[in-house]
1. Please report M105, M18 as a ranked list, fewest other C-beta atoms within 10 angstrom at the top and most at the bottom.
2. For K51, go through the aspartates and glutamates and keep the ones whose alpha-carbon is under 16 Å away, minus same-chain ones fewer than eight residues off.
3. What distance in nm separates the two pseudo spin-label positions at S48 and M18, each 7 Å out from Cα along the beta-carbon direction?
4. Cα gyration tensor of the stretch 47-104, axes a ≥ b ≥ c as square roots of the eigenvalues: rounded (a/c below 1.5), prolate (a/b > b/c) or oblate?
5. Cα atoms only, the chain: Rg and Dmax in Å?
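None of the figures in this text is laboratory data; all of them are computed from the coordinates on show. Note that the structure is predicted; figures quoted are calculated from it, not measured. So basically every Cβ, Gly included, is an ideal-geometry build from the backbone, and we count neighbours across all protein chains shown.
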Amino acid sequence: MKKRVESAFDVDRLVASMEQVVSHLKNGSGKGVRRYAIPSPPQAIASSEIKDIRGRLGVTQPVFAQLIGVSIETAKSWESGRRTPNATARKLLHVASKDPSVLIM
């Protein structure tokens, strides 16, 4: 039979603290409480749009791959439509679609 180990963890104090947080959030009266709107994941990006971004930069696939931090094969597979960029890459590509020069800063 295992011995029960006493813990210094105070459940009642934790519950009281969480209730205080909830109260501050409901009332909007918490000093130092920050609220952030988490944006939804970036939408899918078409392979033709990826080609267009690269075209507007006037660079080759290997250079484009290096600019966005992926392998040449990954960039090629995105442009061919065989694979799709992950959420992080989609976010970068959406920013680049508005201003491709951000990739060469």
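1. The most exposed by this proxy come first: M105, M18.
2. Here the aspartates and glutamates satisfying the reach criterion relative to K51 are E73, E79, D99.
3. Between S48 and M18, the label points sit 5.1 nm apart.
4. rounded
5. According to the Cα coordinates of the chain, Rg and Dmax are 24.1, 72 Å.
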